[in-house]
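A short write-up of the structure that comes next.
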Amino acid sequence: MYYRLQDCCKLVEGAKRGAIYNLQTGKVFSVNAGALQLLRACRHSPLEDVLDINAADDKVYLDFLHRLTEMNLGSLYLAKPSEPAAESPCEAPQKLDFLWLELTSLCNNRCLHCYATSGPCCEPDAVPHERWLSLISEARALGATAIQLIGGEPMLYPHWRELAEKACAENYEYIEIFTNATLVDDSDVEFFASHNMHVATTIYADNAQVHDTVTLNPGSFEKTLGAIHKILAAKIPLRIASILMKANELEAANIMELCAKLGVEVSPPDVVRPTGRGDDKDLLPTAYAKPPIRPPFYTDEESFARAHNYHSCLAGKIAITAGGDVIPCIFARNQTCGNILTKPLAEVLNGRSLDQCWRTTKDQVEKCKDCEYRYACSDCRPLAQGSDSGKRWLACSADCPYNPYTGKWEEEVHV
Ligand SMILES: C[S@@+](CC[C@H](N)C(=O)[O-])C[C@H]1O[C@@H](n2cnc3c(N)ncnc32)[C@H](O)[C@@H]1O
Ligand code: SF4
Ligand code: SF4
Ligand code: SF4
């Protein structure tokens with residue numbers, strides 16, 4: 001007799017334990033060291049060579065296999081089953097999909113936590129308008145379907161409308177402007193609507209006192225909220241982001257409630273990330289924390305295959321800063337992969353640095369590389385890097401309480 005996992009079930013080994021990934025149902029099951037060893041042995045040998053089927057001591061192993069069968073994860077075979085076709089990890093080259101254009105580093109707010117270190121006085125922006133226009137075409141020709149105009153405050157860039165018009169003319173499927181919304185007037189709202197634009201904005205509280213303490217711009221809350229009402233009245237798709245830090249950490253529930261009242265879908269606020277002005281321990285909230293990484297994990301055929309070759313979030317994305325630098329994500333500010341003032345976009349995209357960023361898999365990340373969840377667990381490299389004392393790109397995530405070497409989930413996470 002033989003025992004095999006179903007073809008849609010993949011056994012992933014960690015340092016201590018293993019996990020069965022059911023690519024059909026999406027579930028990931030943890031198995032202990034003994035079960036891992038048993039399943040490993042079953043891959044190569046008949047069951048009779050692995051276990052003594054009649055021995056009382058081995059009954060526990062047979063029961064385990066029986067349980068896997070009941071869960072539709074594996075099957076017993078009388079004759080040796082044919083080997084499944086060799087795994088073909090997804091080698092499809094990654095194309096560009098999404099880009100952020102940081103039109104300016106100027107901002108009328110001076111938020112305490114700003115990763116872009118934006119404010120009213122900044123380095124002069126370096127990308128000429130003609131170059132932004134050509135980049136929109138170049139990126140589209142290279143495969144991009146989604147674009148976000150961001151900053152700093154993108155509405156302080158004098159010709160942002162022309163760039164949005166260009167993105168429309170190039171048939172981007174998704175065009176978003178990420179704005180603090182303090183400068184939005186009626187004609188901007190009309191423009192968003194007539195160009196099928198999506199809008200993203202940010203609130204830090206449900207009241208001016210706390211919000212303006214974060215933005216350091218008195219009156220900003222009233223302006224942002226006023227714009228939110230106008231945007232919603234015009235039925236323009238709107239996302240509201242929210243970031244918590246010490247100054248507004250008691251506002252999480254108020255923000256969620258305000259968004260619910262406004263009828264805007266919102267996910268729980270994120271915690272300030274350690275980049276730019278946000279890289280300051282004194283800003284960290286003490287009473288609010290995002291939940292740490294925990295099971296259940298989910299998988300599917302495509303994401304499982306991709307996780308062997310590409311980063312789950314970065315692959316396919318680039319950000320272009322107001323200085324012309326190409327970085328893999330707006331938060332990965334020190335991972336410069338080239339500059340579009342000196343090179344065509346295609347050359348940066350084909351360069352080694354960006355390819356390496358896109359190909360950062362958990363097989364390279366400290367600790368994760370020995371974890372059985374590494375092909376299902378999500379990852380934010382800039383966050384892991386920013387939280388690491390040595391600012392290492394391949395540092396493990398600070399908010400993971402799992403120890404793959406003991407197979408145990410620790411109670412406390414020390415961020
Ligand atoms: C840099 S802003 C640019 C768009 C616009 N000026 C605004 O604030 O909405 C984009 C988003 O990044 C968030 N952000 C800025 N610095 C951050 C940090 N250190 N950690 C997490 N989010 C941050 C802001 O709160 C905002 O939601
Ligand atoms: S977070 Fe946005 S609004 Fe605040 S300073 Fe940075 S760019 Fe300006
Ligand atoms: S963060 Fe890394 S170690 Fe933690 S569960 Fe995910 S893959 Fe495993
Ligand atoms: S999750 Fe991390 S890597 Fe992905 S876009 Fe956000 S900051 Fe960048």
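Key figures
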{"item": "Residue in segment 241-248 that is farther than 24 Å from residue 274 by Cα, out of contact with any Ser or Thr (no Cβ under 9 Å at 6 or more places or on another chain) and either modelled with pLDDT of 95 or more or acidic (Asp, Glu) (or both) present", "result": "no"}
{"item": "The listed residue being under 24 Å from residue 98 (Cα atoms) and of a type in the set (Lys, Arg), out of 359, 374, 392", "result": "359"}
{"item": "Selected residue (only one of 305, 384, 319 is under 18 Å from residue 12 (Cβ atoms), out of contact with any helix residue (DSSP H, G or I) (no Cβ under 6 Å at 6 or more places or on another chain) and surrounded by 17 or more Cβ atoms within 10 Å (Cβ to Cβ))", "result": "305"}
{"item": "Residue pairs meeting the criteria (Cβ under 8 Å; at least 6 apart or on separate chains; first loosely packed, with under 13 Cβ neighbours inside 10 Å, in segment 249-264; second among the β-branched types (Val, Ile, Thr))", "result": "260/266"}
{"item": "Residue list for segment 288-302, filter: more than 19 Å from residue 268 (Cα to Cα) and either modelled with pLDDT under 95 or among the charged types (D, E, K, R) (or both)", "result": "300, 301, 302"}
{"item": "Residue in segment 95-110 that is more than 16 Å from ligand 1 (Cβ to nearest atom) and free of Cβ contacts under 8 Å to residues at least 12 places away in the same chain present", "result": "no"}
{"item": "Residue match in segment 121-130 (condition: at pLDDT 95 or above, over 21 Å from residue 341 (Cα atoms) and either surrounded by fewer than 23 Cβ atoms within 10 Å (Cβ to Cβ) or touching a His at 6+ places or on another chain (Cβ under 8 Å) (or both))", "result": "no"}
{"item": "From 70, 48, residue being among the acidic types (Asp, Glu) and in contact (Cβ under 8 Å) with a residue 12 or more places away in the chain", "result": "48"}
{"item": "Extreme residue, farthest from ligand 1 (Cβ to nearest atom), among residues of segment 355-373 that are among the basic types (Lys, Arg) and within 17 Å of the chain's Cα centre (by Cα)", "result": "359"}
{"item": "Enumeration of residues in segment 268-284 that are in a loop (DSSP other than H, G, I, E, B) and either crowded, with 19+ Cβ neighbours inside 10 Å or within 16 Å of ligand 2 (Cβ to nearest atom) (or both)", "result": "269, 272, 273, 274, 275, 279, 280"}
{"item": "In segment 53-86, the residues that are modelled with pLDDT under 90 and either under 25 Å from residue 405 (Cβ atoms) or surrounded by 14 or more Cβ atoms within 10 Å (Cβ to Cβ) (or both)", "result": "58"}
{"item": "Residue count for segment 196-229, restricted to those that are surrounded by fewer than 16 Cβ atoms within 10 Å (Cβ to Cβ) and in contact with a Cys (Cβ under 9 Å, 6 or more places away or on another chain)", "result": "2"}
{"item": "Residue in segment 263-280 that is farther than 28 Å from residue 384 by Cα, more than 12 Å from ligand 1 (Cβ to nearest atom) and in contact with a helix residue (DSSP H, G or I) (Cβ under 8 Å, 6 or more places away or on another chain) present", "result": "yes"}
{"item": "Selected residue [within 14 Å of ligand 2 (Cβ to nearest atom) and either within 14 Å of residue 105 (Cβ to Cβ) or hydrophobic (A, V, I, L, M, F, W, C) (or both)] from 156, 135", "result": "156"}
{"item": "Exclusive hit being within 12 Å of ligand 2 (Cβ to nearest atom) and among the small types (Gly, Ala, Ser), set 208, 144, 116", "result": "116"}
{"item": "Residue, farthest from ligand 2 (Cβ to nearest atom), within segment 363-403, restricted to residues that are closer than 22 Å to residue 289 by Cα, among the aliphatic types (A, V, I, L, M) and touching a residue at least 24 places away in the same chain (Cβ under 8 Å)", "result": "395"}
{"item": "Top-ranked residue of segment 2-15 - restricted to ones that are over 27 Å from the mean Cα position of the chain (by Cα) and crowded, with 17+ Cβ neighbours inside 10 Å, ranked as nearest to residue 404 (Cα to Cα)", "result": "5"}
{"item": "Elements of type strands (runs of 3 or more DSSP E) in segment 133-233, at least 1 residues being within 21 Å of residue 267 (Cα to Cα), within 16 Å of ligand 4 (Cβ to nearest atom) and over 27 Å from the mean Cα position of the chain (by Cα)", "result": "none"}
{"item": "Check on residue 294, in a loop (DSSP other than H, G, I, E, B), surrounded by 14 or more Cβ atoms within 10 Å (Cβ to Cβ) and among the charged types (D, E, K, R)", "result": "no"}
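The values are calculated or read from the model by the stated rules, or taken from the named source; none is laboratory data. Treat the numbers as computed from the prediction; the structure is a model and nothing was measured. When we count neighbours, we look across all protein chains shown, and the Cβ atoms used for this are built from the backbone with ideal geometry, even at glycine.
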